[in-house]
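Below you'll find the structure, written out as structure tokens, and then a few comments.
What follows is calculated from the coordinates using simple rules that are stated; it is not laboratory data. These figures come from a predicted structure and were not determined experimentally. Cβ: placed from backbone, ideal geometry, glycine included. Neighbour counts: every protein chain shown.
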Amino acid sequence: MLDEKPHKRVGFNAKRWSRKVYWALLGLLVLEFSLIVPFLTLVGISDPNTYRTKLWEDGYLNGFNSSPDTPLYAAANHVQATIPLIWSQKLTTFDLVISILATFVLITKFILLPLHIMYPVISLVVYGLETGLFSYSIYGQTSHDTIDPNHENNGLPWYIAKSCSVAAKPSNVHYCQQAKATFYITVFLLALYASIFLLSIHAIFFPPAPGNTDDDTGFMAKHFPSLGEAETTYEIPQTPMPYTPRTPWGHEMDRIPPTPGTAGGLYAPHAGYATPEAAKERERGISQYGMAPVGQAVTTNLPPVTPRTKAFQALEGGSNAPSMPSSIKAEWGKREPGNLPWSGRNSGGRNSGGRPSSYNKN
């Protein structure tokens, strides 16, 4: 039994090119750039009427076409005569517009195609439009001149069909060469646009095989190992957040009660600081970061505490303390001796852990 030949894939593909077509499109973009730049330059030179009327007159002197004065004579005799498209300002302006449009579209192609978003559907629309515009330009540049029955031209203009050396005026030779070059470049651009337009149709109805598309990852790494490293992605390691290890001093600072007479001090007791459970916790030591195991007291001396000033002495009822307001006395009367805001072994006061010696409840 003979092996069946694989059938060509047929379907609808709106986004992907085959690899070979994709690289061919990149090369054709470079070719298009090399044609658009001189086309834009030549059309810009010819606008608005650098040599169009001169070539028209030169052809009349050689008997190749009508005279530029023919429409004027026809109007004077009340005869309708339209300026041929080949010699009209309309064609010159049209060529200038499409040259500028094609230049901006080309810049957009250079952005979209490397990003793999110049899809076949988009390419079909863009190149179809450019094919139509440049087809009309070719039609205008090859249009006939039949307004003068004695000098009809049903073929190509003389500067395209003949050598520029036949010009009646030597000053028109280089103008003839510019017009001829403009025509040839227009033909090349039309052929280029029509070819890519057909490629777009083929890519839409004959999609590439899986693994052979333009956006497949690893293609560069497989065929160009030295260049494919740029396509390889690496996961950035998660760096741990730095921290400062806690020391006995840091933990002890967390247990120092608020300063008496400040917010949370005199009028709000430090939460549970003077309770027996808190005292036991302070004796256990610090187990974090290898400083001391749980249940073993810290053998190092406690850090020094800021010395009390005259203001603190006055708050504790020193010899120079002013008379205490009755409202504060009443507030203190509600406190238990072991639960004063600054009581504790780390308060630094002279009467830590109990009432001040000068305190008199009555």
Using the basic label-point model (7 angstrom from Cα toward the beta carbon), what is the I100 to V173 distance in nanometres? 3.5 nm
Two pseudo-spin positions, 7 Å from Cα along C-beta at A75 and at L156, lie apart in nanometres by 3.2 nm
Neighbour-count ranking [beta-carbon atoms within 10 angstrom, fewest first] of H78, H151: H78, H151
Contact order relative to length for segment 66-141, counting C-alpha pairs under 8 Å separated by 6 or more residues, stands in percent at 38 percent
What is the log10 of I(q)/I(0) for segment 75-221, computed with the Debye formula using one identical point scatterer on each Cα and no solvent, at q = 0.08, 0.10 Å⁻¹? -0.37, -0.53
Based on Cα positions only, what radius of gyration and what Dmax would you give for segment 11-128, in angstroms? 21.2, 65
If I take R0 = 35 Å and measure r between the Cβ atoms of A24 and Y136 in this structure, what FRET efficiency does the formula 1/(1 + (r/R0)^6) give, to the nearest 0.05? 0.85
